[in-house]
Amino acid sequence: MILSSPYDRDILDLAVPALAGLAAGPLVSLVDTAFVGQLGRIPLGALGVNTSIFSMTFVVFNFLAYGTTPRVGRAVGNDDREEAGRAVVRALVLAMAVGIVALAALQALARPILIVMGASDTSCLG
């Protein structure tokens, strides 16, 4: 690969980890499918519903990455490592708080969510 600009190396150094982060969700789903697919049609169908819910949740919470990345980048660009650290800590605290709320909501609403997703066989819902 030919790097024609002095910034190409920096862009590549930022783009590769970002691409890996975006690919994490689908790769986890792919590995799950490979393992659960060996168990049969019913477990694979249940995984399909679960993967859909996981993917929707993953997409909804991307706002944390999209909101934090420019703040940290701006702070680092201004050579303000303390502000960058504060932005990261705020994002982690927010992620934990929102994650706990999301966990509680998903647990409390599991049955209605599964029914909405088409898993209507009550014998499989516990």
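The rows are residues; the columns are (1) touching a Ser or Thr at 6+ places or on another chain (Cβ under 8 Å); (2) of a type in the set (Phe, Trp, Tyr); (3) closer than 26 Å to GLY25 by Cα.
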residue	(1), (2), (3)
SER52	no, no, yes
VAL60	no, no, yes
ALA65	no, no, yes
THR69	no, no, yes
GLY77	no, no, no
VAL88	yes, no, yes
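Take the conditions surrounded by fewer than 14 Cβ atoms within 10 Å (Cβ to Cβ), without any contact (Cβ under 8 Å) to a residue 60 or more places away in the chain and part of a helix (DSSP H, G or I) and apply them to GLY73. Does it pass?
The answer is yes for GLY73.
If I ask for residues that are among the charged types (D, E, K, R) and in a helix (DSSP H, G or I), which ones from region 76-98 would you list?
Across region 76-98, the qualifying residues are ARG81, GLU82, GLU83, ARG86, ARG90.
What are the residue pairs meeting all of these: first residue in region 14-36, first residue under 15 Å from ASN62 (Cα atoms), second residue open to solvent by less than 70 Å² (accessible area, probe 1.4 Å), Cβ atoms under 7 Å, and 6 or more apart or on different chains?
GLY25/SER55
For region 3-61, which residues satisfy the criterion of being open to solvent by 50 Å² or more (accessible area, probe 1.4 Å), outside any helix (DSSP H, G or I) and more than 27 Å from ALA102 (Cα to Cα)?
Matches in region 3-61: LEU3, SER4, PRO6, TYR7.
Only one of (1) assigned to a helix (DSSP H, G or I); (2) farther than 22 Å from ALA23 by Cα is not met by GLY118, so which one is it?
Failed condition: (1).
Taking only region 38-67 into account, find how many residues are more than 27 Å from ILE115 (Cβ to Cβ) and either of a type in the set (Gly, Ala, Ser) or at pLDDT 90 or above (or both).
Summing the residues that are more than 27 Å from ILE115 (Cβ to Cβ) and either of a type in the set (Gly, Ala, Ser) or at pLDDT 90 or above (or both) in region 38-67 gives 3.
The values are calculated or read from the model by the stated rules, or taken from the named source; none is laboratory data. Everything numeric here is computed off the predicted structure, so don't read it as measured data. Cβ sites come from the backbone with ideal geometry, for glycine too, and all protein chains shown count toward neighbours. Accessible surface areas use protein heavy atoms only, side chains included; no ligands, DNA or RNA. Shrake-Rupley method; radii C 1.70, N 1.55, O 1.52, S 1.80 Å.
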